[in-house]
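Data first, discussion second: the structure below is written as structure tokens.
The values are calculated or read from the model by the stated rules, or taken from the named source; none is laboratory data. This structure is a prediction, so every number in the text was calculated from the model and none was measured. In this analysis, Cβ positions are derived from the backbone assuming ideal geometry, glycine residues included, and neighbour counts consider all displayed protein chains.
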Amino acid sequence: MAAATTNSDASHAPIEVAFPLPKAPHTNIHLQLTDNGPNLLLFLTTATPESASSTPMGSFVYAMPNKATPAKTLSTPLFTHGSTLDFTTRLAKVLARKTGKPVYVGNSSSFASAGMGGTVEEEMEGFRRVVEVVMSLLNKEKK
């Protein structure tokens, strides 16, 4: 007979956080982070107060640190959605490099509702903010 596993048996329960986009305070990034010990699982999406429908599934990417050449993090897309693939891949690679752990990232965020309609600058600010928040949450867990 297989033993049942509950959330309390997991190494860490998921952490859910929402924060506004840097230049679009009415658009929130919602993220769910699970530190499973040997790997990380991160899901993120964006939402506005006006959005009544759910966001379609975005890309899902796996990345792992490259022990031989740390600057060249390895990654592979597991599920692709054209508009989110680049952001998801970059995020997975950065987090794998910074944490030294394999990372799974699911992303269905959209920056179209940002102040200037989702420019590269707005996307990069959102990217930096996500990395800051995730690293802060992981550092807080260690204490």
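So that you can scan it fast, the table gives a plain yes or no per residue for (1) within 16 Å of LEU137 (Cα to Cα); (2) surrounded by 14 or more Cβ atoms within 10 Å (Cβ to Cβ); (3) touching a helix residue (DSSP H, G or I) at 6+ places or on another chain (Cβ under 6 Å); (4) at pLDDT below 95:
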residue	(1), (2), (3), (4)
LYS23	no, yes, yes, yes
LEU40	yes, yes, no, no
THR45	no, yes, no, yes
SER53	no, no, no, yes
TYR62	no, yes, no, no
THR69	no, no, no, yes
GLY100	yes, no, no, no
VAL103	yes, yes, yes, no
What's the total number of residues in region 74-116 that are within 16 Å of the chain's Cα centre (by Cα), of a type outside the set (Phe, Trp, Tyr) and assigned to a loop (DSSP other than H, G, I, E, B)? 8
